[in-house]
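Throughout, read-outs are computed from the coordinates displayed, never taken from laboratory work. All values derive from a computational prediction rather than experimental measurement. No Cβ is skipped: glycine too gets one built from the backbone with ideal geometry, and neighbour counts run over all protein chains shown.
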Amino acid sequence: MSRMSALAFASNFLWVMVIGLLGPSLPAIVAGLGITYSQAGLFFTLLSLGSLFGASLGAWASDRAPRNALYAGCCLCLAAGLGLAGFMPGYAAVALLVFLFSVAGSPLGSIGQSIMLGLAPERRERNLSLFTTFGALGSFVAPILVSANFAAGLAWRFPFLETAALALALGIVILAARIPPAGAPRARVNALAMLSNQRVLATGVMIFFSVAIDIGFVYWLAEYFAAELGVSLRLASSVVGVYLVGIISGRLAIPLALKRLRPETLLSASLTLSLASILAFILVPGPGAKAVLGGVYGLGVGPVFPLLMSRGTREFPEQSGAVTGILFAGISLGGMVFPLAVGALAQNVGIARSYWFCAAAAAGLLVAAALLARRARTARG
């Protein structure tokens, strides 16, 4: 593993860990701030709105700006935002800080990915699999950190303060690293031209809807187990980890699976498993069975994002930052829409019924993946 790849993996781990703090902390945040599900859903929307600007512009800038200063500056600003969030007393102040630290911190993943892809385009699938696995590992560590703080009797703010210390340490490491500048592409393509590319556009739309089956599911999972199934806060937060074990396992299996299956076939198989397991999750009673099925669902969801990202970024290898920014915009837009939509549904019909929305999204993605696989077979003759 090269030093640059290690930095990319570490930065994605950190940023996704930050995202992962909100879901398992949600029951305590709702109780501590005295807010509704819809108001809590706004946190997720603000997180994704900040990411829409930060991740996209950060990836675009990584093809042009001094990378050390850009990369480290984002990390240090994230540390400051997380630290301040640990002291803000009211809902409005916390919501504003969520937006600001998202703008500052979201470029960490997209900048890291653009640097990694630019330096080793021939290892795209393998590196993206590892890159997203480290992100899933960040999501896995987040609920453990939250659960440990709850078990110690600490408030929901403490995990944010502890993560701020990690961000500060990573920022110092990035400052000391020597990151090579981006090479000048032979022919620079603007963002609108990239969006007109059929493969990039179709992939971006699928990435947008993939947020519904991943973040739209996991953000409300702890609250679902706590409010609907009567599980304790500590155990409800830990259930998120079962889902994330499935995500990590699915992503680690990608390189081995691609030795036997084409990427289009693997994508269809993953979505088939996702759809079957979320239907079972919704219909089967009992927290134990639901926890296991949540892990199986994660196993199916895990390969979806890296396979889509690999498909989209293959089109413009010399502008890895720009195409990464466009595809990350799909993630951010989906993150703005789907957690809030699920939260609004949960407020009106309950979280249990709102998960039918995630199942519908999985079915739609499966149809799209089947069409892509059919087109790929036709193109091969």
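Would you mind calculating the relative contact order of the chain from Cα pairs under 8 angstrom and at least 6 residues apart, reporting the percent as a whole number?
Here the relative contact order equals 28 percent.
Kindly provide the helix-only [θ] at 222 nm of the chain, computed as the sum of -39,500 (n - 2.57) over DSSP H runs of four or more divided by all residues, to the nearest 500 deg cm²/dmol?
Mean residue ellipticity at 222 nm (helix-derived): -27000 deg cm²/dmol.
Size of the dipole of the chain about the Cα centre, Lys and Arg at +1 and Asp and Glu at -1 on the beta carbon, nothing else charged, in debye to 20?
For this selection, approximately 1140 debye.
With a Förster radius of 41 Å, plug the Cβ-Cβ distance of LEU256 and ALA155 into 1/(1 + (r/R0)^6) and report the FRET value to the nearest 0.05.
Step by step, r from the Cβ atoms, then E = 0.45.
Give the residue list of trypsin sites (Lys or Arg not before Pro) in the range 307-381 that are DSSP loop and have at most 15 other beta-carbon atoms within 10 angstrom.
Loop-located and lightly packed - ARG380.
Could you give the DSSP H helices of the chain that reach 15 angstrom or more along their long axis (alpha carbon positions) and whose average Kyte-Doolittle hydropathy is no lower than 1.6?
In the chain, the long hydrophobic H runs are 91-105, 158-176, 198-213, 263-283.
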